[in-house]
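This report concerns only the one structure given below.
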Amino acid sequence: MTKRFAIKWIAACALSVGAIGLLGACSEQKPAFVSIDVTGADYAKGFELTDHNGQVRHLTDFAGKIVVMFFGYTQCPDVCPTSMAELAEVKKALGPDGDRLQGIFVTVDPARDTPELLKAYMANFDPSFLALYTTPDKLAVLAKDYKVYYKKVDGKTPTSYTMDHSAGSYVYDTKGQLRLFTRYGSGAPALAADIKLLLKEAR
């Protein structure tokens with residue numbers, strides 16, 4: 001490459017007209033995720049929770065799979081069932097790669113969400129999805145590490161309370177690295193597209 005040609009090439013890459021496309025050609029492109037890319041985040045790196053079958057689980061148990069982790073509770077009227085139903089839809093959209101997706105539901109209401117109830121709740125969406133729980137004290141520590149908000153809202157009776165909580169899911173790649181945060185309402189097609197990119201990256 002001559003010096004004159006090199007100068008022209010650098011100038012072309014810096015042009016404001018069509019800069020996005022030109023810069024993409026001049027530099028390495030990152031995957032175009034729809035979800036929020038949180039690659040390299042120094043939080044939400046792992047967990048130790050019990051699943052609805054009574055087995056202690058860690059993030060490392062799911063190596064080789066894309067893990068989508070959602071915090072909610074079984075008596076949630078809208079956000080939780082919608083999110084889990086969309087995740088089940090994502091698994092179907094992945095076709096044969098659906099087996100490489102692990103859905104995880106962490107309850108923020110351990111007082112009412114018994115293992116039996118959690119297992120039945122997961123069966124409504126996909127039997128391969130796991131519901132995880134822990135003690136109230138450990139849940140508080142976990143939520144702080146995951147930057148998850150939850151708060152009990154009293155109802156008319158002691159057991160009719162609701163839970164305000166964050167609405168979104170964390171997505172880990174096949175190496176167990178936190179990569180994405182997907183907001184509630186993004187839709188199944190968008191999440192499926194992001195997971196396909198992560199699976200392609202892993203091949």
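Every read-out reported here was derived from the displayed coordinates using simple, explicitly stated rules and does not represent laboratory data. Owing to the predicted nature of the structure, the values given are computational and were not obtained by experimental measurement. Reconstructed Cβ throughout: ideal geometry from the backbone, glycine too, with neighbour counts over all protein chains shown.
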Sorted on mean Cβ neighbours within 10 Å (highest first), peptides 188-200, 113-125 come out as 188-200, 113-125
With only helices counted (DSSP H, runs n ≥ 4, each -39500 (n - 2.57)), the per-residue ellipticity at 222 nm for the chain, to the nearest 500, works out to -10500 deg cm²/dmol
Residues other than residue 43 with Cβ under 10 Å of its Cβ, Lys/Arg counted +1 and Asp/Glu -1, net out at +1
The chain: relative contact order from alpha carbon pairs under 8 Å, six or more residues apart, as a whole percent, is 29 percent
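I'd like the antiparallel share, as a percent to the nearest 5, of DSSP beta bridges with both residues in the chain.
Bridges in the chain that DSSP calls antiparallel: roughly 65 percent.
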Beyond 23 Å (Cα-Cα) in this structure, taken from 91/200; 92/144; 65/151; 175/200; 92/196, we find 92/144; 65/151
Interchain or sequence-distant (5+) residues whose placed amide H lies within less than 5 Å of the amide H of residue 163 are 153
Row for the chain, column shape: gyration tensor on C-alpha, a ≥ b ≥ c, rounded if a/c < 1.5 i.e. under 1.5, prolate if a/b over b/c, else oblate; value prolate
As straight-line cross-link partners of residue 138, the qualifying aspartates and glutamates (C-alpha separation under 16 Å, not fewer than 8 residues apart within one chain) are 48, 51, 109, 113
In terms of the charge dipole of the chain, which places +1 on Lys and Arg and -1 on Asp and Glu at the beta carbon, the residue among 121, 71, 59 farthest towards the positive end is 59
